[in-house]
Amino acid sequence: MSSLIRRRRAFDIWPGFVDALTSLIMVMIFVLLIFAIGQFVLSDTLAGKNRALDALNAKVAELAKTLSLSEEQKLALDARAKELAASLGTISGERDAATSEAAKLNADIAALTALKQQLEAQVASMAAQLDSSKQDLVKQTDLTSAASAQVELLNRQLAALNEQLGKIQAALDIANKDVEAKDAKIADLGKQLNVALANRVGELERYRSEFFGKLRAALGERGDVRIVGDRFVLPTDILFDSGSADLGEEAQDRLATLAQTVKEVAAEIPSGIDWVLRIDGHTDKRPINTPRFPSNWELSSARAVAIVKYLVVQGIPAHRVSANGFGSFQPLDNADTPEAYAKNRRIEIQLTNR
């Protein structure tokens, strides 16, 4: 009986074991399925990353090629600037020489003209004398040999004077042609000089744009900092207190950034371009009258001078900067409002030719 009971218990355990084993197999299959799906997603992600990496590598190669082309263009522009500087010096010398030679020719023409006038006066006087002598001789019934000789002499002198006048006129014609040729050459040299100067100005324009771009990036995106034409305009309120020309620590930090930007751009400008950094001070129309600043002229000039002195201390060559004060006489806005006053209180920075 007990043996039968043990057999039944053993038989009853086997179905549970089969169910547990089936459940375990299903869990393993599910885990394997999740792993396969994860492998597929990971492979697809890696493939996308590889494609993005290839695209980035292509962009890097393209940027490297562009940078190389920019360096080559910069070298070509520097060489062109040197050629233009040499051409400008040669053309200026030729123009000066041609102008000097034209002045000499004009002096010679003036002298020849004066001589021609004198000879014409002498010819007119002798012709009058000849006419008078002829009339006297006609009145006389008998023409003496002395009178005939005098008439012959006067005729020869008149012919000689006419011949001399012809030579002088020919010389004047040649001189006038030389002057016209010199004038044409001077005009041509002037055109070449203007073209060379225009090229030089165009080169400086490229560096001015780069300077403004770097300066705006250094100062940050401020709504009160503007580029007006070829000038960089910033309000004086970010550098000076009201009625003051003293630079605070924050203003000095901003000007140090400006000086660093100027030095970076100046290192790229060819030596043949004679440039200068202009600092112009402007105030609003409200008058000031203090012992230090009797008028807005003194205030605007002092502010410009303070900026220039600080830039020189930061390493900008003194001959490359200039300070100018315009007071309130060049306003941007003529209205009598706080906004107009704030707009007119400004510092203008201009990178220009000397």
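The values are calculated or read from the model by the stated rules, or taken from the named source; none is laboratory data. Computed from a prediction, not measured in an experiment: that's the story for all the values here. No Cβ is skipped: glycine too gets one built from the backbone with ideal geometry, and neighbour counts run over all protein chains shown. What goes into the accessible areas is simple: the full protein's heavy atoms, side chains included, and nothing from ligands, DNA or RNA. Shrake-Rupley method; radii C 1.70, N 1.55, O 1.52, S 1.80 Å.
A crude spin-label estimate for the pair Ala52 and Ala342, with each label 7 Å from Cα along the Cβ direction, gives 4.4 nm. Ranked by solvent-accessible area (1.4 Å probe, protein heavy atoms only, all chains present), the residues Val262, Val31 order from largest to smallest as Val31, Val262. Here the gap between Leu332 and Lys263, fully extended at 0.36 nm per residue and compared with their Cα-Cα distance, gives a gain of 21.9 nm. Can you bin the range 223-336 into rounded, prolate or oblate? Criterion: square roots of the alpha carbon gyration tensor eigenvalues sorted a ≥ b ≥ c, rounded for a/c under 1.5, prolate for a/b above b/c, oblate for the rest. Cα axes put the range 223-336 in the prolate bin. Maximal additional length on extending the Thr22-Asp246 stretch stands at 71.7 nm, based on 0.36 nm per residue less the C-alpha distance. For the pair Ala111 and Lys167, label points projected 7 Å from Cα toward Cβ lie 1.6 nm apart. Our coupling estimate for the range 341-354, obtained by passing each phi through the Karplus curve with A = 6.51, B = -1.76, C = 1.60 and θ = phi - 60°, is 4, 5, 5, 7, 7, 8, 10, 10, 10, 9, 9, 9, 6, 5 Hz, Gly and Pro reported as x.
For Asn353 and Val60, FRET efficiency with R0 = 41 Å and r from the beta-carbon atoms, rounded to 0.05?
Working: r = 39 Å, r/R0 = 0.96.
The calculated FRET efficiency here is 0.55.
The order of Phe212, Phe40 by accessible area, most exposed first and with a 1.4 Å probe, is Phe40, Phe212.
Annotation: amide H of Gly325 within the under-5 Å range of Gly281, sequence separation 5 or more or interchain, hydrogens built in the peptide plane.
Can you give the extra length, in nm with one decimal, that the chain gains between Ala160 and Asp44 once fully stretched, where that is 0.36 nm per residue apart less the Cα-Cα distance? Spell out each step's value before the answer.
Working: separation 116, 0.36 × 116 = 41.76 nm, distance 11.24 nm.
Residue separation times 0.36 nm, minus the Cα-Cα distance, leaves 30.5 nm.
Computed from label points 7 Å out along Cα-Cβ, the spacing between Leu32 and Val179 is 11.2 nm.
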